Amino acid sequence: TRYRPDWASLDARPLPAWFDQAKVGVFVHWGVFSVPAWGSEWFWWHWQGERRPDYQRFVQRRYPPDTTYADFAPRFTAHDFQPREWAQLFQRAGARYVVLTTKHHEGFTNWGSPVSWNWNSLDTGPHRDLVGELGQALRESKIRYGLYHSLLEWFNPLYLADKESGFKTQNFVLKKTMPELYDLVLKYKPDLIWSDGDWEAPESYWNSTSFLAWLYNDSPVKDTVVVNDRWCNNCSCHHGGYYNCADKYKPGTLPTHKWEMCSSIDKLSWGYRSNMNIAELMDEASIIEELVQTVSFGGNYLLNVGPTKEGVIVPIFQERLLALGTWLDTNGEAIYESKPWRVQMENTTDTVWYTSKGPVVYAIFLIWPRDNVLELSSPIPSPATQVTMLGFAGTLKWQQSPGKGLLITLPYMLPSPLPPQPGWTVKLEGVK
């Protein structure tokens, strides 16, 4: 099939199967914004674009007078960046793919972009190819590699001039955005391109469809690459590969199109903040809950961490990722390669969620029932029904409930001062 540079043709491309099977990914927001490490990764915009007083005070108190955003770049050292350690952590977290910011809206590139002179990680700051180094480590660990890339750059003079023209001129796209996208694909052969920064301009400005036609027809990753939906100001939830729709999107019902929910351990930011506190972070239970809801509705779950300017993923983020991985070690059978079932959640409660694999149904329950009896009204049992629990040897006793579902007797749990793990899975065979 040759794809034409129009949405009707591009949207008809089947999504490579690996993406739906993967289910779990890790997002990494890392850049010059990791130097002030305050507020969020939109630091430059809030400080210089909106001139917010809190950001201006922050810079006045902590940096010499006349400090510019460019002055932060040499402090983006990545001194402690160990790509293999990152890859090992992400593998232990259960991630099947990882998405790294190659360039955020600040325009600084984490590789030696040939069209970002002196504003890239080879010429200044780390003096390293961060995109390449992480890619190599992930490939050694058999983890798929995704590249986040912002189409726009807040303060690029070429972009500002195009914007001034009402996006009738395209100098920024032709000299900056597109050369970088082609360079990223040819150099790093990504499994996924996570586009962003699309919202200010129409598709006719971005040339997205011609790039995607090349990507799907002639690029070195044409058969395996997956893209999201942020390619123009009205593309989200309508065009592209899978849909993000919006940050932290929760559909509430089963979408007809493959989608992904991106979420961040730090609820207030995607980039690292040195002043975050524990109440502002997602705990293990809410991460598991988001993952389970997302997968039940047929989505992928992309969980974000922001490393420090030195390239450290702080221990509290590591702890959260490892807790997710431990849970997946036991319950991953109900997550990876699963499909949505005919019912997504128990009609009486949003604490029981369903997934399936062929004839097998998985019920993931987030709260342990008080009397050790789990009531499921959606599955219809048969004489051949067998119930087991992931991570627990042997079968579980069950009986038909007075309605038409099942009453399952769970293993007896010893009273413990520790809160139990968040979420368990019963595996149902021989149910309808």
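The values are calculated or read from the model by the stated rules, or taken from the named source; none is laboratory data. Note that this is a predicted model, so its numbers are computed, not measured. Because the Cβ atoms are built from the backbone with ideal geometry, glycine has one as well, and the counts that use them run over all protein chains shown. To get the accessible areas, we keep the full protein, side chains included, count just its heavy atoms, and leave off ligands, DNA and RNA. Shrake-Rupley method; radii C 1.70, N 1.55, O 1.52, S 1.80 Å.
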| Within region 37-47, can one find any residue that is more than 30 Å from VAL292 (Cβ to Cβ), of a type in the set (Asp, Glu) and assigned by the TED database to the domain that holds GLU280? | no
| Hits in region 291-326 (condition: part of a helix (DSSP H, G or I), more than 25 Å from HIS104 (Cβ to Cβ) and open to solvent by 10 Å² or more (accessible area, probe 1.4 Å)) | GLN293, GLU319, LEU322, ALA323, THR326
| field | Positions within region 381-420 being modelled with pLDDT of 95 or more, part of a loop (DSSP other than H, G, I, E, B) and among the aliphatic types (A, V, I, L, M), in sequence order | value | LEU390, LEU396
| query | Can you name the residue in region 7-39 that is out of contact with any Phe, Trp or Tyr (no Cβ under 7 Å at 6 or more places or on another chain) and in contact (Cβ under 8 Å) with a residue 60 or more places away in the chain and is also nearest to GLY107 (Cα to Cα) among such residues? | reply | TRP30
| field | Given (1) over 24 Å from LEU254 (Cα atoms); (2) outside the structural domain of TYR301 (by the TED database); (3) modelled with pLDDT of 95 or more, index of the condition GLU319 fails | value | (2)
| message | I'm checking my understanding of the structure. Among residues of region 218-255 that are surrounded by 14 or more Cβ atoms within 10 Å (Cβ to Cβ) and of a type in the set (A, V, I, L, M), which one is nearest to GLU290 (Cα to Cα)? | response | LEU254
| remark: Selection from region 164-204 of residues closer than 30 Å to ALA137 by Cβ, open to solvent by 40 Å² or more (accessible area, probe 1.4 Å) and in contact (Cβ under 8 Å) with a residue 60 or more places away in the chain yields PRO179, LYS187
| Restricting region 292-341 to residues that are among the aliphatic types (A, V, I, L, M) and closer than 18 Å to VAL361 by Cβ, which is nearest to the chain's Cα centre (by Cα)? | VAL295
| note | A careful count of residues in region 389-402 that are under 17 Å from PHE365 (Cβ atoms), free of Cβ contacts under 8 Å to residues at least 40 places away in the same chain and not small (Gly, Ala, Ser) gives 5
| said: When you check ILE408 against the structure, is it hydrophobic (A, V, I, L, M, F, W, C), touching a helix residue (DSSP H, G or I) at 6+ places or on another chain (Cβ under 8 Å), on the phi < 0 side of the Ramachandran plot and in contact (Cβ under 8 Å) with a residue 12 or more places away in the chain, yes or no? | reply: no
| task | Kindly provide the set of residues from region 245-262 that are touching a residue at least 40 places away in the same chain (Cβ under 8 Å), touching a Phe, Trp or Tyr at 6+ places or on another chain (Cβ under 7 Å) and either farther than 21 Å from LEU10 by Cα or not charged (D, E, K, R) (or both), ordered by number. | result | PRO251, LEU254, PRO255, TRP259, MET261, CYS262
| request: Scan region 80-97 and give yes if some residue there is in a strand (DSSP E or B) and either open to solvent by less than 60 Å² (accessible area, probe 1.4 Å) or without any contact (Cβ under 8 Å) to a residue 24 or more places away in the chain (or both), otherwise no. | output: yes
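Identify, from the list SER269, SER264, the residue that is in contact with a Ser or Thr (Cβ under 7 Å, 6 or more places away or on another chain), among the hydroxyl-bearing types (Ser, Thr, Tyr) and buried (at least 19 other Cβ atoms within 10 Å of the Cβ). If you could, list the steps in order and put the result at the bottom.
On the way: SER264 fails: in contact with a Ser or Thr (Cβ under 7 Å, 6 or more places away or on another chain).
Result of the check over SER269, SER264: SER269.
Kindly establish whether THR330 is open to solvent by 40 Å² or more (accessible area, probe 1.4 Å), free of Cβ contacts under 8 Å to residues at least 24 places away in the same chain and hydroxyl-bearing (Ser, Thr, Tyr).
Details: open to solvent by 40 Å² or more (accessible area, probe 1.4 Å): yes; free of Cβ contacts under 8 Å to residues at least 24 places away in the same chain: no; hydroxyl-bearing (Ser, Thr, Tyr): yes.
No, not satisfied.
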| query | Among VAL24, VAL35, VAL59, which is surrounded by 15 or more Cβ atoms within 10 Å (Cβ to Cβ) and within 19 Å of the chain's Cα centre (by Cα)? | reply | VAL24
